[in-house]
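Colleague: The structure follows.
The values are calculated or read from the model by the stated rules, or taken from the named source; none is laboratory data. Everything numeric in this text was worked out from a predicted model, so none of it was measured. When we count neighbours, we look across all protein chains shown, and the Cβ atoms used for this are built from the backbone with ideal geometry, even at glycine. All accessible areas refer to the heavy atoms of the entire protein, side chains included, with ligands and DNA or RNA removed. Shrake-Rupley method; radii C 1.70, N 1.55, O 1.52, S 1.80 Å.
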Amino acid sequence: MSFSDSDSSSYGGDYKNFKQISRDRLLIEMLRSCKTGDSKATWKVLIMDKLTVKIMSYACKMADITDEGVSLVEDIYRRRQPLPSMDAIYFFQPTKENVIMFLSDMSGRAPLYRKAFVFFSSPISKELVGHIKKDATVLTRIAALREMNLEYFAIDSQAFVTNNERALEELYGDEEDSRKGVACLNVMAARVATVFASLREFPFVRYRAAKSLDATTMTTFRDLIPTKLAAGIWDCLMKYKKTIPNFPETETCELLILDRSVDQIAPVIHEWTYDAMCHDLLNMDGNKYVHEVPSKTGGPPEKKEVLLEDHDPIWLELRHAHIADASERLHEKMTNFITKNKAAQIHHGARDARELSTRDLQKMVQALPQYSEQIDKLSLHVEIAGKVNRIIRELGLRELGQLEQDLVFGDAGMKDVIKFLNTKDDTTGENKLRLLMILAAIYPEKFEGEKGHNLMKLAKLPPDDMNAVNNMRLLGGSSDTKKSSIATFSLKFDMHKKKRGGRKERPSEGETWQLSRFYPIIEELVENLSKGELSKEDYPCLNDPSPTFHGTSHGAAIHQPPVAHSMRSRRAPTWARPKNSDDGYSSDSVLRHASSDFKKMGQRIFVVIVGGATRSELRVCHKLTTKLRREVILGSSCLDDPAPFITKLKMMTSNELSLDDLQI
């Protein structure tokens, strides 16, 4: 038996992204390492708990696990058939309950399995190790006992979540009792730290500092959330330095810790990319999309589930494209495919089948298998994009989206919102609420006292929806403990009376698609961090960076005032340029640059947002990776689309409700 941290952080010299490393650790470092001695040629059982099952499923496919010699996957808490001739691989959280279940499996005269390879998702306590070592019969049956230190969901090639779905409620809901909040931050800190353990990275830890109006105001638990999380992660990293072989002694990357108060508009504004629109409008279950396909037997259409994930090259190419751009590209792909593919021409009736020569028939047969697969993929996305565009038209989202963006950039105000509410009776309740939440973030004074209730009446929204608007203030600190001229909102909002959000346009960045002006605040923060220009006063560093980092002195960093939420520069983001530009997202562009780009990557940047990240923020991380030539990895308690985010805001002050109880 060995007790150690798994120690194999690279598999070949090529640069691998965050998700690839996570996958390799699970498949190679964990599963493949069990092929030793008399276990080399035998099939094994993989036993996991509810959390580690999800960790595995986000990083790997079932086929990957089977390829590593696993024939059966089991739940540690379910009654299992004894397989005394087989070896078992256990991967679970190091909790007392899990350890007891493991010991009951392997103890006594008739253990369930021959030998056990045990892997913990995070560090195990000395007490639990002692508990395992007490049972001499179990000890002889343990082939390996290791800490994998991998306890996060790799939801994207450059993103992870810690599975703290109730973080908003636990951290911001009850100011009187912060016990749930402390427990939530402890779990988050431990899980975020395992990201750095997995990648063998030691970060400079930067965090958003608590803001006070003056020396007499009290700092609340909510104000200190990024500070406390930073401290928790730092404590875990210090332990890893002592316990993990080859863990870096000096800093290798940068970590920026934020919370949802840094940008309250991003979670509710309409994001116009293909990915965001699909998840916002199509009632998808995670990445699962259900559509109807013709029956092979001639009966009624059959329902088919597809996953919109990285293995789909069309999804990979188009997910961060503007919906209008994605639709154009799909039309072009379909046209080109039919033009070039003989079988497709025949299928679409380009020629009468009777006119075909033998050679033509042969070509048709040769092309058919490939045609079937490719046309299925293309047809799926043409159908999805068509459905999204139809919903956009039916809900009148273009006009609403224009007003949202005009509000954010200071080109519209209160009068425009009132006019919209008076004239657009058919706008859905959710979309009216999202519009008012954006308004509240920019003009908080308009929601003081009766003003807010009058706006809700004008929008014909129920009182319950006012909770979502009111609870936005909790993300920025409680008004009751702060002396502010704005009673219900903190300084996190822009308080200037002048036109808000008016910044000069930057046309030099190229043409743009309509409704693509918006960008989340983290885009500027990450760019400033990469340039060494992020304010050390507003975003202190736990480990004071050395002057040589980035090749420039951090001491000379330009002091940036706090960024107000409505102050977004009117830029033309490169992700929305017309299709003939090389934006780094077309499949040709990805293939052309992938191998060379990643070999030349600089140090990684990690951005962790407490309280939920958004798809616009994920899109920005991919964009900045190409722009800065540094892999930007987004981490959060969860990834939220607008509807669940609003539900969680309502829940913050409604302890008796559950996520299933609230419908938007």
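Colleague: How many of the residues making up the stretch 96-111 are touching a residue at least 24 places away in the same chain (Cβ under 8 Å), over 22 Å from Asp38 (Cβ atoms) and among the polar types (S, T, N, Q)?
Modeller: The number of residues fulfilling the criteria is 1.
Colleague: Right, another one. Being surrounded by 16 or more Cβ atoms within 10 Å (Cβ to Cβ) and not small (Gly, Ala, Ser) is the filter here; which residues of the stretch 121-130 pass it? Step through it out loud before you land on a result.
Modeller: Narrowing the stretch 121-130 to residues surrounded by 16 or more Cβ atoms within 10 Å (Cβ to Cβ): 121-124, 128.
If the condition is that a residue be surrounded by 16 or more Cβ atoms within 10 Å (Cβ to Cβ) and not small (Gly, Ala, Ser), then Pro123, Ile124, Leu128 are the ones that fit.
Colleague: Tally up the residues in the stretch 60-83 that are in a strand (DSSP E or B) and either open to solvent by less than 10 Å² (accessible area, probe 1.4 Å) or among the basic types (Lys, Arg) (or both), please.
Modeller: Filtering the stretch 60-83 for residues in a strand (DSSP E or B) gives 70-75, 83.
Narrowing the set further to residues that are either open to solvent by less than 10 Å² (accessible area, probe 1.4 Å) or among the basic types (Lys, Arg) (or both) leaves 70.
Here the count works out to 1.
Colleague: Restricting the search to the stretch 388-424, which residues are open to solvent by 70 Å² or more (accessible area, probe 1.4 Å), within 27 Å of Arg329 (Cα to Cα) and either under 26 Å from the mean Cα position of the chain (by Cα) or in contact (Cβ under 8 Å) with a residue 24 or more places away in the chain (or both)?
Modeller: Arg398, Glu399
Colleague: Among the residues of the stretch 84-120 satisfying the criterion of being small (Gly, Ala, Ser) and part of a strand (DSSP E or B), which is surrounded by the fewest Cβ atoms within 10 Å (Cβ to Cβ)?
Modeller: Residue satisfying both the conditions and the ranking: Ala116.
Colleague: Follow-up question, since we're still on this one. If I go through the stretch 254-278 residue by residue, how many of them are outside any loop (DSSP other than H, G, I, E, B) and farther than 30 Å from Gln603 by Cα?
Modeller: We begin by selecting, within the stretch 254-278, every residue outside any loop (DSSP other than H, G, I, E, B); these are 254-262, 273-278.
Next, from what is left, pick out any that are farther than 30 Å from Gln603 by Cα: 277-278.
Going through the stretch 254-278 one residue at a time, the tally reaches 2.
Colleague: Then there is this: Return the total of residues in the stretch 405-437 being within 17 Å of Ile391 (Cβ to Cβ) and charged (D, E, K, R).
Modeller: Looking only at that region, the number is 5.
Colleague: So, in the stretch 131-143, of the ones that are open to solvent by less than 30 Å² (accessible area, probe 1.4 Å) and out of contact with any Ser or Thr (no Cβ under 6 Å at 6 or more places or on another chain), which residue ends up farthest from Leu72 (Cα to Cα)? Walk me through how you get there before you give the answer.
Modeller: Of all residues in the stretch 131-143, those open to solvent by less than 30 Å² (accessible area, probe 1.4 Å) come to 132, 138, 142.
Among the residues that remain, those that are also out of contact with any Ser or Thr (no Cβ under 6 Å at 6 or more places or on another chain) are: 132, 142.
On the way: Ile132: 25, Ile142: 19 Å.
Out of the qualifying residues, it is Ile132.
Colleague: Name the residues in the stretch 281-310 that are of a type in the set (A, V, I, L, M, F, W, C) and part of a loop (DSSP other than H, G, I, E, B), would you?
Modeller: We begin by selecting, within the stretch 281-310, every residue of a type in the set (A, V, I, L, M, F, W, C); these are 281-282, 284, 290, 293, 306-308.
Hits for the stretch 281-310 are Leu282, Met284, Leu308.
Colleague: While we're looking at this one, here's another question. Can you tell me how many residues in the stretch 117-138 are out of contact with any Leu (no Cβ under 9 Å at 6 or more places or on another chain), modelled with pLDDT of 95 or more and of a type in the set (A, V, I, L, M)?
Modeller: Within the stretch 117-138, residues that are out of contact with any Leu (no Cβ under 9 Å at 6 or more places or on another chain), modelled with pLDDT of 95 or more and of a type in the set (A, V, I, L, M) number 1.
Colleague: Moving on to the next point. Restrict the check to the stretch 425-442 and report whether at least one residue is open to solvent by 60 Å² or more (accessible area, probe 1.4 Å) and at negative phi.
Modeller: Of the residues in the stretch 425-442, the ones open to solvent by 60 Å² or more (accessible area, probe 1.4 Å) are 425-426.
Subset that is at negative phi: 425-426.
The answer is yes; a qualifying residue exists.
Colleague: Restricting attention to the stretch 38-59, which residues are assigned to a helix (DSSP H, G or I), touching a residue at least 24 places away in the same chain (Cβ under 8 Å) and either surrounded by fewer than 15 Cβ atoms within 10 Å (Cβ to Cβ) or not aromatic (Phe, Trp, Tyr) (or both)? Before the answer, list the steps.
Modeller: Looking only at the stretch 38-59, we keep the residues that are assigned to a helix (DSSP H, G or I), and these are 38-39, 50-59.
From what is left, the residues that are touching a residue at least 24 places away in the same chain (Cβ under 8 Å) are 39, 50-52, 54-56, 58-59.
Answer for the stretch 38-59, where residues must be assigned to a helix (DSSP H, G or I), touching a residue at least 24 places away in the same chain (Cβ under 8 Å) and either surrounded by fewer than 15 Cβ atoms within 10 Å (Cβ to Cβ) or not aromatic (Phe, Trp, Tyr) (or both): Ser39, Lys50, Leu51, Thr52, Lys54, Ile55, Met56, Ala59.
Colleague: Can you pull out the residues in the stretch 185-209 that are among the basic types (Lys, Arg) and either free of Cβ contacts under 8 Å to residues at least 24 places away in the same chain or not in a strand (DSSP E or B) (or both)? It would help to see each step written out before you state the result.
Modeller: Let us first name the residues in the stretch 185-209 that are among the basic types (Lys, Arg), namely 191, 200, 206, 208.
Within the stretch 185-209, Arg191, Arg200, Arg208 qualify.
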